[in-house]
Amino acid sequence: MDLESIILPGIAPARPVVIAGPCSAETEEQVLATARDVAARGIKIFRSGVWKPRTKPGGFEGIGTAALDWLKRVKQETGMYVTTEVANREHVSEALEAGIDILWLGARTTVNPFAVQEIADALRGVDVPVLVKNPINPDLELWIGAIERIYGAGLRRIAAIHRGFSSYDRRTYRNPPMWHIPIELRRRIPNLPMFCDPSHIAGKQSRIASLSQQAMDLQFDGLVVETHAHPEDAWSDSSQQITPEALEHLLRRLIIRSANRPSQRLLELRYRMDQIDEGILDLLARRMQLSDELGEYKKAYDMPILQTTRYSEIIERCAEFGVTLDLDPEFVRKMMKDIHEESIRRQMDVMDQ
Ligand code: PEP
Ligand code: MN
């Protein structure tokens with residue numbers, strides 16, 4: 001693809017290019033307070049959803065057109081560029097008329113070729129940067145297809161945003177990152193700038209910093225981070241928004257590695273392994289929660305914690321099962337003993353309470 005830079009005048013072309021701002025524009029005060037704070041911390045591009053795609057009706061679906069005026073004020077007062085999500089041709093024309101500098105397609109739009117084509121047609125002849133989020137389902141071709149539709153309408157300043165993929169199990173991530181998909185996108189379209197949106201991947205504040213670091217290590221060009229002056233009061237995505245102060249802290253601690261770039265293959269293998277490790281820890285944490293419940297039960301019925309027959313049974317059953325999975329039975333016995341020991345320790349804690 002013959003793409004042009006999405007870097008607007010005044011933005012340093014260094015990694016990461018940062019886009020920050022609230023999930024949604026809620027009130028003029030909230031938008032401006034957050035914008036002033038992020039601008040004072042050096043952020044050059046401000047995000048805010050004006051039209052919000054919500055899973056169920058009845059929730060806050062965005063302020064709509066009126067909020068575009070607030071974004072205009074953000075531009076005038078802070079000098080930041082502003083970006084918002086567009087999901088149909090009316091959004092495109094209103095956003096362009098309001099002078100929105102960068103448009104983005106949300107995950108629920110990218111998934112729908114009719115909607116993407118409608119937006120592409122509305123953008124024909126316009127030169128505005130467009131960021132295309134991945135579709136909610138893990139379908140790389142659909143993501144590339146959306147990028148091609150925008151490109152086919154003559155737009156050249158295009159970038160991708162990786163925001164993770166929907167999953168039924170939301171315990172570890174709200175939208176698991178499945179890093180191999182954006183890695184493959186980079187292989188297919190090497191000159192396409194790529195942003196990572198750790199907020200929608202994580203779904204909670206605590207994981208945003210580590211996801212941002214992973215994105216940097218995978219050579220992403222930028223980050224889109226949901227930032228709110230008062231995250232706890234946010235009208236949408238409250239648990240995943242961070243304060244401007246936390247954003248600054250996160251950005252200061254990011255390590256940008258560039259020399260001796262490991263090969264794509266090595267990166268992919270490492271990241272798949274890291275994901276499995278996180279999965280193992282997640283399962284272990286759930287097992288320990290069950291131990292606590294077991295402790296409560298034993299306490300209530302005056303049962304002893306350690307029942308040696310049960311203990312030997314667990315170890316041997318796992319060792320045998322491990323063999324069917326090509327795991328060394330000695331390794332499995334050792335690991336299960338450690339896990340069991342920790343489980344006993346937790347049950348004792350429960351008994352002592
Ligand atoms: C958003 O950026 O607030 C949003 C709605 O994201 P996504 O399309 O990734 O769900
Ligand atoms: Mn959001």
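Bear in mind these aren't lab numbers, they're just calculated from the coordinates by the rules spelled out. As the structure is a computational prediction, the values presented were derived from the model and not from experiment. Note that each Cβ is placed from the backbone with ideal geometry, even for glycine, and that neighbours are counted across all protein chains shown.
For region 263-352, what class follows from the C-alpha gyration tensor (a ≥ b ≥ c being the square roots of its eigenvalues): rounded when a/c is under 1.5, otherwise prolate if a/b is larger than b/c, else oblate? Taking the square roots of the gyration eigenvalues as a ≥ b ≥ c, region 263-352 is oblate.
For region 17-259, what does the alpha-carbon gyration tensor say about shape, rounded, prolate or oblate, given a ≥ b ≥ c as the root eigenvalues, a/c under 1.5 as rounded, and a/b over b/c as prolate? Rounded is the answer for region 17-259, as its axis ratio a/c remains below 1.5.
Placing +1 on each Lys and Arg Cβ and -1 on each Asp and Glu Cβ, with no other charges, gives region 236-353 a dipole about its Cα centre of roughly 460 debye.
For region 205-336, what relative contact order do you get, as a whole percent, if you take Cα pairs closer than 8 Å and at least 6 residues apart?
Numbers: 65 pairs, mean separation 19.4, N = 132.
For region 205-336, the relative contact order is 15 percent.
Greater than 24 Å separation of Cα atoms is the criterion. Which listed pairs, Lys52/Lys72; Lys204/Lys337; Lys52/Lys133; Lys44/Lys133; Lys298/Lys337; Lys72/Lys204, meet it? As for pairs spanning more than 24 Å Cα to Cα, those are Lys204/Lys337; Lys72/Lys204.
At most 12 other Cβ atoms within 10 Å and a DSSP loop assignment: could you name the chymotrypsin sites (Phe, Trp or Tyr not before Pro) in region 295-331 that fit? Before the final figure, lay out the partial values.
Working: sites: Tyr297, Tyr301, Tyr311, Phe321, Phe331; in loops: Tyr301.
In loop regions of region 295-331 (DSSP not H, G, I, E or B), the sparsely surrounded chymotrypsin sites (Phe, Trp or Tyr not before Pro) are Tyr301.
Largest GNM mean-square fluctuation across His200, His162, His180, computed for the chain with C-alpha springs under 10 Å, falls on His180. When only the Cβ of Lys, Arg, Asp and Glu is charged (+1, +1, -1, -1), the dipole of the chain relative to its Cα centre reaches about 660 debye. Placing a label point 7 Å from the Cα of Lys56 along the Cα-to-Cβ direction, the residues of region 167-184 with a backbone N closer than 20 Å are 167-171, 174-175. Between the helical axis of 244-253 and the longest alpha-carbon principal axis of the chain there is an angle of about 70 degrees.
Region 54-103 and region 216-278 have Cα centres spaced 25 Å apart.
Once the chain from Ile181 to Ala246 is taken as fully extended at 0.36 nm per residue, the excess over their C-alpha distance is 20.5 nm.
Under 17 Å from a point placed 7 Å out from the Cα of Glu28 along the Cα-to-Cβ direction: which residues of region 59-98 have their backbone N that close? Those under the cut-off are 63-78.
Select from region 8-86 those trypsin sites (Lys or Arg not before Pro) which occupy a DSSP coil region and have at most 14 other Cβ atoms within 10 Å, ordered by residue number.
Numbers: sites: Arg36, Arg41, Lys44, Arg47, Arg54, Lys72, Arg73, Lys75; in loops: Arg41, Lys44, Arg54.
Listed in order of number, the matching sites are Arg54.
Net length available on complete extension from Gln307 to Arg15 is 99.5 nm, with 0.36 nm assigned per residue and the Cα-Cα distance removed.
Would you mind calculating the gained length between Glu232 and Leu281 on full extension (0.36 nm times residue separation, minus the Cα-Cα distance), in nm to one decimal? Present the calculation step by step, with values, prior to reporting the outcome.
On the way: separation 49, 0.36 × 49 = 17.64 nm, distance 2.78 nm.
This chain segment gains 14.9 nm when fully extended.
Among the trypsin sites (Lys or Arg not before Pro) found in region 230-277, those both in a DSSP coil and sparsely packed, with 15 or fewer other Cβ atoms within 10 Å of their Cβ, are Arg257.
Please give the calculated 222 nm ellipticity per residue for the chain, where each DSSP H segment of at least 4 residues contributes -39500 (n - 2.57) and the sum is spread over every residue; nearest 500 deg cm²/dmol? All intermediate terms of the calculation are to be shown ahead of the outcome.
Working: 13 runs with 175 residues, N = 353.
It lands at -16000 deg cm²/dmol.
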